[in-house]
1. Show me the ranking of peptides 127-137, 249-259, 3-13 by mean Cβ neighbours inside 10 Å, starting with the highest.
2. Please report E123, E84, E216 as a ranked list, fewest other C-beta atoms within 10 angstrom at the top and most at the bottom.
3. Arrange the peptides 150-156, 25-31 so that the one whose residues have, on average, the most other Cβ atoms within 10 Å appears first.
4. Can you tell me, using C-alpha contacts under 8 Å and at least 6 residues apart, the relative contact order of the stretch 1-86 as a whole percent?
Amino acid sequence: MTPRPRPITGALLGLLLGIVVLGLLWQGGMVPPDRLPVFLILAATILATAGLLTRSVSAARARFVTVAVIAGILTGVGLTGIPETFRTGAVSEGCTLQATAGGLVATPADTSIVSRFTVTADEAVQWSATAATPIAVTERQAGLTLAGFDVPVRTVTVTGAEPVEALSGSLDVAGALTWIEDRTSLEVSGVYHLFGSVTGDEGACAFEGYAVLMPESPWATNTLIGLWIALGVLLLLTAWGAFAVRSSFVKARRAAEEASRFHTGTISTAAVAAGVTRGHVAADVEASSTTSWDDATVPPADAVVEPASGDLDDDTREVDVRTVREEGAADDEAEVEVADEAEAAPETEAADASSTDDAEATDEPEATDASSTDDAEATDEPEATDASSTEEDAPRA
């Protein structure tokens with residue numbers, strides 16, 4: 001079994017996670033969606049999540065390097081937004097813009113990414129603008145900057161307007177929020193990098209600045225609630241993916257360890273099998289010294305124990321079995337030789353015993369001859385007696 005890293009899946013989850021995190025920071029009134037924070041957050045979440053679902057770079061080097069390159073490109077793009085991040089608001093030369101909300105008066109130049117013009121949803125913002133020369137306004141445009149790109153939100157075309165040097169008006173924040181909700185079904189809040197312009201045949205005035213509409217709580221709008229739910233789902237998916245990848249690595253490591261142990265165990269089993277076969281031969285030899293060969297038995301050739309096949313590949317299993325069989329065959333040959341020697345031993349003993357009996361039988365005639373000699377001597381004694389009697393009878397005559 002091989003480990004299964006998922007760097008591409010991790011990168012996609014990281015992209016979605018980065019968007020959700022950025023949305024929470026944006027709608028929560030903490031970070032505007034400028035180029036630097038947008039691309040740095042996306043690069044960080046993509047690389048971190050891809051690494052979490054990869055665990056080991058060597059297991060998916062090409063895919064992880066691809067993800068790392070993408071994250072690096074995003075980081076480079078984000079760094080180009082450094083000037084924008086540290087730049088304050090501005091207005092076109094010869095033009096002025098002033099806004100009042102909650103008793104606070106501010107100009108675009110007074111705002112920045114950390115110093116925003118604060119408004120609330122239940123008030124109106126009063127504004128006034130002037131131009132260096134009278135302008136007959138033909139178009140008004142307002143929008144916000146996302147990731148360094150200007151996105152127009154509303155454009156109004158005016159016809160038959162008289163040239164004027166000053167303009168003023170009031171912005172109903174609640175009405176603007178309703179207008180957005182009616183078109184997007186989203187309740188918005190947060191910090192914005194705004195831009196706007198008025199254009200006419202005589203010239204134009206433009207501005208940019210930062211404003212913030214703070215939510216009442218972290219879950220005060222349906223947009224924030226949806227982002228929190230999305231964050232929870234993505235975190236669960238990321239955790240599940242990380243667990244699955246980790247499990248694949250653990251299973252692969254265990255499989256490798258089991259294969260290694262089985263290989264070692266096969267060698268040991270072959271040695272044990274050879275030892276068992278030798279043990280049978282030794283036991284039979286010992287038994288032959290104390291019992292008759294009529295009761296002795298030679299272990300069959302199939303008594304050789306072959307190692308378990310397990311998960312070895314065919315080549316390794318064939319080599320191991322062949323080795324054990326060769327050792328068993330050698331032991332069987334030694335067994336047969338011992339048995340032949342043992343069978344020859346009784347015949348030799350019987351021959352020796354027969355020779356001894358023949359020798360004893362040969363000695364018996366010698367004894368018979370000796371007894372015959374004694375009998376002959378005993379037979380000669382009467383003759384001697386007769387001679388002596390003759391000698392005694394002679395003087396009498």
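Quick note: the coordinates plus some simple rules give every number you see, no bench work behind them. All values derive from a computational prediction rather than experimental measurement. Neighbour counts are summed over all protein chains in view; Cβ atoms, including those assigned to glycine, are modelled from backbone coordinates with ideal geometry.
1. So the order, starting with the most tightly packed, is 3-13, 127-137, 249-259.
2. The order, fewest Cβ neighbours first, is E216, E123, E84.
3. Result, highest mean Cβ count within 10 Å first: 25-31, 150-156.
4. That works out to 41 percent.
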